[in-house]
Every structure is written in structure tokens, then in C-alpha cells.
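Values quoted throughout were computed directly from the atomic coordinates according to the rules given, and no laboratory measurement underlies them. Since the structure is predicted, the reported quantities are computational estimates derived from the model, not experimental observations. Counting neighbours? That spans all protein chains shown, and the Cβs are built from the backbone with ideal geometry, glycine included.
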Amino acid sequence: MSTIEETISELKVKIIETLGLLDVTPEDIKDDEPLVGGDTGIDSIDVLELVMMIEKDYGVKIESKELGAKVFASVRALASYILQAKNAKA
């Protein structure tokens, strides 16, 4: 099973690939900084793409806007949510 740190590292790469962020490296995305509207320039349209990637790659759904706001607070929050959701299914 993945640790939170492994999931954070993996998510950073997937976020960059999914959104085609050419000038962003995984190191540029801070674990606890706001994911949306932060330095990465991720906006609400990007979030929709990330939601689809998370469903496809992790089998985890983000079913409401309110949940999405919490989950996309930071990469750490997103990784925690994915791990919790996967554990709940197991």
C-alpha cells in the first residue's frame, strides 16, 4: 500500500502530465500550499480534468463541489483523500 509521501510524489507528476504544465516541476508544487489559484496557476477547469484523472487512475470519485474544495486544498489533502477512499473500499 502507498504511503502519503509516495502518493504526494505520484500526484505531482500526474498533475503536471494531466494539465500539461510545461514550466512546472514536481518540486515546484508544494505539499501544503493551495493547489487551485496558487503558484501553479491551476484553475477550476483544470480541476475538472484532475477529477477525471483521479477517477480513472485511482478509482476514487469526488462527488460534490464542497468535497472538491476540501480535497483540492493542497496536494497533501488530495493524497489523504485518495488513500482514505481506497482504504474505505478495501
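General observations
- Legend: ranking of residues LEU22, LEU83, LEU35, LEU67 from fewest to most surrounding C-beta atoms inside 10 Å; resulting order LEU22, LEU67, LEU83, LEU35.
- Projecting the Cα atoms of LEU48, PRO34, THR18 onto the charge dipole of the chain, computed from C-beta unit charges around the Cα centre, puts LEU48 farthest toward the positive end.
- Phi-based couplings in Hz for the range 20-29 (Karplus 6.51, -1.76, 1.60; Gly and Pro marked x): x, 7, 5, 9, 10, 10, x, 5, 6, 8
- Taking the Cα centre of the range 4-89 as reference, the dipole from Cβ charges on Lys and Arg (+1) and Asp and Glu (-1) amounts to some 500 debye.
- Long-range lysine pairs (8 or more apart or interchain), the range 4-89, Cα under 17 Å: 11
- Note, ³J(HN,Hα) from phi for the range 46-56, Karplus 6.51, -1.76, 1.60, rounded to Hz, x at Gly and Pro: 4, 4, 4, 5, 5, 4, 5, 4, 5, 5, 5
- Per-residue ellipticity at 222 nm from helix content only, as computed over the chain with -39500 (n - 2.57) for each DSSP H run of at least four residues, stands at -18500 deg cm²/dmol.
- Taking only alpha carbon atoms, the chain gives an Rg to Rh ratio of 0.92, where Rh is the Kirkwood radius.
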